[in-house]
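The values are calculated or read from the model by the stated rules, or taken from the named source; none is laboratory data. These numbers were taken from a predicted model, which means no experiment stands behind them. Note that each Cβ is placed from the backbone with ideal geometry, even for glycine, and that neighbours are counted across all protein chains shown.
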Amino acid sequence: MGVAARLSAPRALVLWAALGAAAHIGPAPDPEDWWSYKDNLQGNFVPGPPFWGLVNAAWSLCAVGKRQSPVDVELKRVLYDPFLPPLRLSTGGEKLRGTLYNTGRHVSFLPAPRPVVNVSGGPLLYSHRLSELRLLFGARDGAGSEHQINHQGFSAEVQLIHFNQELYGNFSAASRGPNGLAILSLFVNVSRGEIPKDEGEFWNPVWGRGSLGGPDSWVLGEGGLGTWTWDFWIPTSSPCTPTQVAGSSNPFLSRLLNRDTITRISYKNDAYFLQDLSLELLFPESFGFITYQGSLSTPPCSETVTWILIDRALNITSLQMHSLRLLSQNPPSQIFQSLSGNGRPLQPLAHRALRGNRDPRHPERRCRGPNYRLHVDGAPHGR
């Protein structure tokens with residue numbers, strides 16, 4: 001049975017009517033680029049997420065795939081895996097440079113061919129080359145990330161998109177093959193007052209205190225499975241979480257979001273070249289991660305992605321977030337439509353495993369040791 005045959009009758013009628021209308025409005029759309037996060041753009045139908053897998057046969061996984069992304073991570077389902085090594089970042093000892101774009105869908109940073117930026121370690125068996133840094137954000141705080149943690153979102157999500165350079169020659173080939181892609185996600189909140197540095201593990205003012213784990217949570221170790229509980233909130237007085245002043249921002253994101261830079265990409269297809277960037281400054285000083293097997297969250301929704309979710313949120317200022325929301329998904333000749341809300345809805349996790357590198361049985365170690373730091377180039381003990 002085809003994908004269209006599985007549609008409900010009302011939904012199928014909407015799709016076919018919209019496709020017919022689109023065929024009579026202007027030039028035919030590029031089938032490889034005819035998608036959006038919203039079904040209606042300036043009165044014209046452009047397929048939103050519910051229709052991605054229906055308008056292009058090459059995107060069928062968007063509709064029928066079983067390992068789709070993003071997902072809601074329930075922390076009680078995370079398996080502690082003591083065999084996950086720390087993440088490693090290699091830049092050849094050089095500063096990063098590249099072009100910041102307004103693609104009409106995302107704020108996208110495309111690195112220059114040199115230096116080559118690679119990530120390895122963690123759940124990755126191969127070295128993966130950075131292809132793109134993508135920023136997704138919402139129209140309101142706390143509702144801009146694609147992934148959620150315990151049913152709660154974040155104001156934004158930074159995605160570092162990599163392809164396996166050991167097995168594949170380019171991103172396109174890697175997206176179609178096993179072990180092809182790796183995406184590191186860092187969550188972003190808007191700082192409004194004195195808060196723990198990096199906001200603690202998935203700290204969110206909406207949650208207060210909460211439980212990472214429960215009686216049905218498990219530890220995977222040499223002795224087999226065992227139960228555990230872990231309160232994920234680290235008090236402000238903890239030496240792991242020195243406070244930062246109101247209005248503080250991640251230093252790497254500040255380079256991308258300062259007024260002189262962000263105003264250069266106000267409209268679709270605007271671009272601005274940046275250099276002397278230190279990518280390691282994007283990462284918290286210490287962190288853990290959660291990993292799972294998923295897909296691209298944009299068409300063609302290829303199920304070849306190892307996702308790595310960093311467990312400490314970053315901060316940007318309310319002014320920087322406001323500047324992001326003033327970016328338009330259209331060129332200046334068309335009506336303004338905010339770039340915000342540029343994320344795919346949640347997909348079922350089903351029976352996929354969630355693994356993490358935090359050991360809840362030893363909370364005193366959660367901010368210490370090389371396993372919880374980013375290893376950069378030849379530095380033996382992380383940054």
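Of all residues in the range 309-351, those that are in a loop (DSSP other than H, G, I, E, B), surrounded by fewer than 21 Cβ atoms within 10 Å (Cβ to Cβ) and either on the phi < 0 side of the Ramachandran plot or without any contact (Cβ under 8 Å) to a residue 40 or more places away in the chain (or both) total 14. The combined condition, being farther than 19 Å from Val305 by Cβ and surrounded by fewer than 21 Cβ atoms within 10 Å (Cβ to Cβ), is fulfilled by Val116.
The C-beta contact set for the range 183-198 (first residue modelled with pLDDT of 95 or more, second residue surrounded by fewer than 21 Cβ atoms within 10 Å (Cβ to Cβ) and not in a strand (DSSP E or B), distance under 6 angstrom, 6+ apart or interchain) comprises Val190/Asp141; Val190/Ser318.
Scanning the range 47-106 for residues that are among the charged types (D, E, K, R) and touching an Asp or Glu at 6+ places or on another chain (Cβ under 9 Å) yields Lys66, Arg67, Lys76, Arg77, Arg88, Lys95, Arg97.
Consider the range 92-139 and keep the residues that are under 20 Å from Phe252 (Cα atoms) and hydroxyl-bearing (Ser, Thr, Tyr). The one that is nearest to the chain's Cα centre (by Cα) is Ser108. Taking the listed residues Gln159, Gln152, Gln165, the one that is of a type in the set (S, T, N, Q) and under 16 Å from Tyr292 (Cβ atoms) is Gln159, with no other qualifying. For the range 53-70, the set of residues classified as closer than 23 Å to Gly153 by Cα and surrounded by 22 or more Cβ atoms within 10 Å (Cβ to Cβ) consists of Cys62, Gln68, Ser69, Pro70, listed by residue number.
Taking the stated definitions as given, is Val55 touching a Pro at 6+ places or on another chain (Cβ under 8 Å), at pLDDT below 95 and among the β-branched types (Val, Ile, Thr)? So Val55 passes the test.
As a summary of the residue check, Pro70 satisfies the conditions (1) over 25 Å from Ile262 (Cα atoms); (2) touching a helix residue (DSSP H, G or I) at 6+ places or on another chain (Cβ under 8 Å) except for the one numbered (2). Scanning the range 156-182 for residues that are within 25 Å of Thr317 (Cβ to Cβ) and either surrounded by 24 or more Cβ atoms within 10 Å (Cβ to Cβ) or aromatic (Phe, Trp, Tyr) (or both) yields Ala156, Glu157, Val158, Leu160.
Pairing residues of the range 103-128 that are under 28 Å from Met321 (Cα atoms) with residues that are aromatic (Phe, Trp, Tyr), at Cβ distances under 6 Å and at least 6 apart in sequence or on separate chains, gives Ser108/Tyr101.
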